[in-house]
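Some notes on the structure that comes next.
Nothing in this text is a laboratory measurement; each read-out follows from the coordinates by a stated rule. Computed from a predicted model, the values in this text were never measured in an experiment. Every residue, glycine among them, receives a Cβ derived from its backbone with ideal geometry; neighbour counts consider all protein chains shown.
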Amino acid sequence: MAKKRNQKDKEIARLHEDLLRVTSVVLSSFSGLTVAQETELRRQVQGTGGKYEVIKNTLAARAAKGTPAEPLLSGLKGINSIAYTDRNPVALAKVLTKYAKDNPAFSFRAGLVEGRVVSLDQIRVLAALPSREELFARLLFLVQAPAQRLAGSLAAVGRNLAVVLQQAHDEKKFSQAGSP
């Protein structure tokens, strides 16, 4: 069923607003995916705080005018879909890369991260980065490690002194001054 002009205008306006706020956009081809597979992909992308849409090329080009995604979405050919987020580009790239490995019918065409058009290889590199939580955990470990080593060293001095004193006591190295 064809969409009426006012429906298309609303869709363009909504997508334009979304594209003004996004930090990452991934353009992909999905021909050959079943409805169930596409629904699963949509759920996974939404789990990262992103959106996934199948979009007509002309509507995408009109919605992208004046946004950072304009160079990516102008002049599209074929069947296309876009996934975008205004939150974590690494999480979006991880979900899409994993999905592309599991479903060969889904493939990347291009991407946009922080206003720069990126290649397919760069999307894969982005997906290989650790998550934000992992980076914070690593940083916390690096900050805590010297303090833990210092505390361990200070505790070792007292522990070693106690061991030496116990050995000396056991070997009766400490005798009373008045004993024969």
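A few comments on the model shown:
- Bridgeable lysines around LYS56 (alpha carbons under 24 Å apart, same-chain partners fewer than 8 residues away excluded): LYS3, LYS4, LYS8, LYS10, LYS65, LYS77.
- Calculated mean residue ellipticity, 222 nm, the chain: -19000 deg cm²/dmol, from DSSP H runs (n ≥ 4) at -39500 (n - 2.57) each, averaged per residue and rounded to 500.
- In the range 84-180, trypsin sites (Lys or Arg not before Pro) in a DSSP loop with at most 13 other beta-carbon atoms within 10 Å: LYS172, LYS173
- Local electrostatic count at PRO130 - Lys and Arg +1, Asp and Glu -1, tallied over other residues with Cβ under 11 Å: +1
- Principal-axis tilt of helix 132-170 within the chain, Cα atoms, nearest 10 degrees: 10
- With R₀ set to 30 Å, the beta-carbon distance separating LYS10 from LEU120 gives a calculated FRET efficiency near 0.40.
- Where labels lie 7 Å past Cα in the beta-carbon direction, separation of GLN46 and ASP86 in nm: 1.8
- Net length gained if the chain between VAL54 and ARG21 were fully extended (0.36 nm per residue, minus Cα distance): 10.0 nm
- Modelled this way, with points 7 Å down the Cα-to-C-beta line, the labels at SER107 and GLU134 are 2.7 nm from one another.
- Max mean-square fluctuation residue, GNM over the chain, Cα-Cα springs under 10 Å, options SER153, SER24, SER107: SER153
- With contacts taken as Cα pairs under 8 Å at a separation of at least 6 residues, the range 5-129 carries a relative contact order of 36 percent.
- Computed FRET value (nearest 0.05) for ALA168 with ALA147, which takes r as the C-beta separation and R₀ as 30 Å: 0.40
- Of (i) 1.12; (ii) 1.24; (iii) 1.48, the label for Rg/Rh (Cα atoms, Kirkwood Rh) derived from the coordinates: (iii)
- Taking 15 Å as the straight-line reach from the Cα of LYS98, the aspartates and glutamates in range (excluding those fewer than 8 positions away in the same chain) are GLU38, GLU40, ASP121.
- Principal-axis tilt of helix 35-47 within the chain, Cα atoms, nearest 10 degrees: 50
- Those lysines that a straight Cα-Cα span of less than 17 Å connects to LYS94, excepting residues fewer than 8 apart in one chain: LYS51
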